[in-house]
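A.B. asks: Let me give you the structure first, and then I'll get to my questions.
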Amino acid sequence: NVPEDQADKLLLASWGLPKAVLEKYHSLGVVQMFEWQAECLMLGRVLEGKNLVYSAPTSAGKTLVAELLILKRVLETRKKALLILPFVSVAKEKKCYLQ
């Protein structure tokens, strides 16, 4: 569980994302994460580029964790990222969404 003194970490706005990114998530109804998602982002040195392996059921929110990790790394390091997706339809959807 997320420690009580870090409950603000559930809010997307507390992760240092640009206003335009937050507005896009908010327009889709995503304002905060589940506790397990925030826990993933706070594990070890994952925000510094270390590996993270996590598992959750279909439609549980795994993609949000990956997107936030990718966005933060790209914005902080100014390097490109490669996002591999399992289906062409999902790839097209994410391409439009992330642009």
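A.B. asks: Please report how far the C-alpha centroid of segment 63-99 lies from that of segment 1-61, rounded to the nearest whole angstrom.
C.D. replies: Comparing the Cα centres of segment 63-99 and segment 1-61, I get a distance of 14 Å.
A.B. asks: While we're here: From the residues PRO57, CYS96, LEU12, which one has its Cα farthest along the dipole of segment 4-98 in the positive direction, the dipole being from +1 and -1 charges on Cβ of Lys/Arg and Asp/Glu about the Cα centre?
C.D. replies: CYS96
A.B. asks: Report, to the nearest whole %, how much of the accessible area of the chain belongs to carbon and sulfur atoms, 1.4 Å probe, protein only.
C.D. replies: Carbon-and-sulfur percentage of accessible area, whole number: 56.
A.B. asks: What number do you get for segment 1-92 when its Cα radius of gyration is normalised by 2.2 N^0.38 Å, N = residues?
C.D. replies: Expressed relative to 2.2 N^0.38 Å, the Cα Rg reads 1.09.
A.B. asks: Now for a separate question. How high is the relative contact order of the chain? Use alpha-carbon pairs under 8 Å, at least six apart in sequence, and give a whole percent.
C.D. replies: 22 percent
A.B. asks: Still on this structure, I have one more. What base-10 log of the normalised intensity I(q)/I(0) is obtained for segment 8-51 from the Debye formula, alpha carbons as equal point scatterers, at q = 0.19, 0.27, 0.29, 0.30 Å⁻¹?
C.D. replies: Debye curve over Cα of segment 8-51, log10 I(q)/I(0) at q = 0.19, 0.27, 0.29, 0.30 Å⁻¹: -0.61, -0.99, -1.04, -1.06.
A.B. asks: What is the count of Lys pairs in the chain whose alpha carbons sit under 15 Å apart, if the two are 8 or more places apart or on different chains?
C.D. replies: Qualifying lysine pairs in the chain: 8.
The values are calculated or read from the model by the stated rules, or taken from the named source; none is laboratory data. Bear in mind the structure is a predicted one, so any value in this text is a computation, not a measurement. Glycine also receives a Cβ, built like all others from the backbone with ideal geometry; neighbour counts cover every protein chain displayed. Surface areas here come from the heavy atoms of the whole protein model, side chains and all, with no ligands, DNA or RNA. Shrake-Rupley method; radii C 1.70, N 1.55, O 1.52, S 1.80 Å.
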